[in-house]
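Structure, as structure tokens:
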Amino acid sequence: MKNILVTGGCGFIGSNFIRYLLSESDFNGRVINVDRLTYAGNPENLAGIDTNKDRYVFVKADICDRIAMSEVFDSFQIDTICHFAAESHVDRSIAEPDAFINTNINGTFNLLELARQDMHRLELFHHVSTDEVYGSLGRDGYFTETTAYDPSSPYSASKAASDHLAMAYSRTYGMPITLSNCSNNYGPYHFPEKLIPLMILNALEEKPLPVYGNGQNVRDWLFVRDHCRAVWLIMQKGRRGETYNVGGRCEMTNLSVVELICDIMDEIVPTAAGSRRNLITFVKDRPGHDLRYAIDCGKIEKELGWLPEESFETGIRKTIHWYLEHRDWVTRIKTGAYLEWIESHYQM
């Protein structure tokens, strides 16, 4: 693996992965980051990384643009793809599903076709997906790699389709493909519309903390660096044609997550108003809101020796401290100033 194309590398998980690859892993090749720079793609997420072009190159492009992506594959002699780029917010997919179908399905198809055309130099196509493709669990049981797909939202349906495309290309064309389905990520550079950063920032400003329904929906939380470690391990040692589930073994109700954030924020940034738990406000539930996600990650643990390093308690503390220490980044996101900077530099 000499020239790794990372799609969506200015997004939350993609930028953390590039940082991990260039700063902590044993990779000594070049990363080519392609990102369309939508609202959730921010070049500032990669501020301070090595800009030596022997190690890192950024290209503003849309994975749905076959011509532009063909030029990237040819110009940089791409031999490996790590595909993060996706529309990923469930609420947005319910309101405006078109972009999810286009990016997540058609964009993935474009990348697979271009990789297939360059099979002579293709080392690996790694497709990053979500546990939401499996649908909803009851109070018991876990998602495994053989769990039938049962998506509940336009977002998860579009990701399920892209998963099936990737595996079909592996079986039909013999392409070297791996796939990972992860649980909910959290950590630095997470866009503020998501649950954990939204709660941290609202708690900081002592604003209402909106929780869907009764707050009893359960998610398995995965610290983003642990996810990056898992992805790189799969890319290096995972069996081609296989799927690996990646979870944090941190099942919590949404209400418990918000309550813990309140308690830690009260400890770090005390308020005269009393416990921030009083800010919790229950709001109308989201349509098709899955009850519970929980991943059995025994396969990656047994085959590749991966284990999460962070508990939710340690990971959420690191995350809260990061947001408190990067308030300028938060302000630029919340005011939209980062979009103005992107437009002036990249001619959106």
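The values are calculated or read from the model by the stated rules, or taken from the named source; none is laboratory data. Owing to the predicted nature of the structure, the values given are computational and were not obtained by experimental measurement. Note that each Cβ is placed from the backbone with ideal geometry, even for glycine, and that neighbours are counted across all protein chains shown.
List of remarks:
- Looking at L291, L307, L324, just one residue is farther than 24 Å from P188 by Cβ and under 22 Å from the mean Cα position of the chain (by Cα), and that residue is L291.
- Residue within region 330-343 that is surrounded by 14 or more Cβ atoms within 10 Å (Cβ to Cβ), more than 20 Å from P43 (Cα to Cα) and modelled with pLDDT under 95 present: no
- Residues located in region 103-137, provided they are polar (S, T, N, Q), farther than 16 Å from A168 by Cβ and either touching a helix residue (DSSP H, G or I) at 6+ places or on another chain (Cβ under 9 Å) or buried (at least 19 other Cβ atoms within 10 Å of the Cβ) (or both): T103, Q117, T130
- All conditions but one from (1) in contact with a Pro (Cβ under 8 Å, 6 or more places away or on another chain); (2) under 26 Å from F282 (Cβ atoms); (3) at pLDDT 95 or above apply to E123; the one that does not is (2).
- Yes/no for R225 being at pLDDT 95 or above, within 23 Å of the chain's Cα centre (by Cα), buried (at least 17 other Cβ atoms within 10 Å of the Cβ) and of a type in the set (K, R): yes
- Output for region 158-212, where each listed residue is under 22 Å from the mean Cα position of the chain (by Cα), closer than 26 Å to Q236 by Cβ and hydroxyl-bearing (S, T, Y): S162, T178, S180, S183, Y186, Y189
- Looking only at region 20-49, and only at residues there that are in contact with a Leu (Cβ under 7 Å, 6 or more places away or on another chain) and buried (at least 21 other Cβ atoms within 10 Å of the Cβ), the one that is farthest from E340 (Cα to Cα): V31
- Options L233, L304, L279: the member that is surrounded by 17 or more Cβ atoms within 10 Å (Cβ to Cβ) and within 19 Å of H127 (Cβ to Cβ): L233
- Helices (runs of 4 or more DSSP H) contained entirely in region 247-348, each with at least 2 residues that are over 23 Å from E205 (Cβ atoms): 298-304, 312-325, 337-346
- Subset of region 4-56 that is part of a loop (DSSP other than H, G, I, E, B) and of a type in the set (V, I, T) - its residue that is nearest to H227 (Cα to Cα): I49
- Residues that are touching an Asp or Glu at 6+ places or on another chain (Cβ under 7 Å) and crowded, with 20+ Cβ neighbours inside 10 Å do not occur anywhere in region 252-265.
- Annotation: of all residues in region 144-195 being β-branched (V, I, T), outside any loop (DSSP other than H, G, I, E, B) and in contact with a Lys or Arg (Cβ under 9 Å, 6 or more places away or on another chain), the one that is surrounded by the fewest Cβ atoms within 10 Å (Cβ to Cβ) is T178.
- Checking V283, V258, V269 one by one, the residue that is touching a Pro at 6+ places or on another chain (Cβ under 7 Å) and at pLDDT 95 or above is V283 and no other.
- Of the set (1) over 26 Å from T172 (Cβ atoms); (2) without any contact (Cβ under 8 Å) to a residue 12 or more places away in the chain; (3) among the charged types (D, E, K, R), all apply to D74 but (1).
- Residue identified as part of a loop (DSSP other than H, G, I, E, B), touching a strand residue (DSSP E or B) at 6+ places or on another chain (Cβ under 9 Å), aliphatic (A, V, I, L, M) and closer than 25 Å to R240 by Cα among M69, M1: M1
- Residue list for region 266-291, filter: under 18 Å from T253 (Cβ atoms), in contact (Cβ under 8 Å) with a residue 40 or more places away in the chain and either touching an Asp or Glu at 6+ places or on another chain (Cβ under 8 Å) or aliphatic (A, V, I, L, M) (or both): R276, L279, I280, V283, R286, D290, L291
- Qualifying residue in region 191-200 (condition: out of contact with any Asp or Glu (no Cβ under 9 Å at 6 or more places or on another chain) and farther than 21 Å from Y155 by Cα): yes
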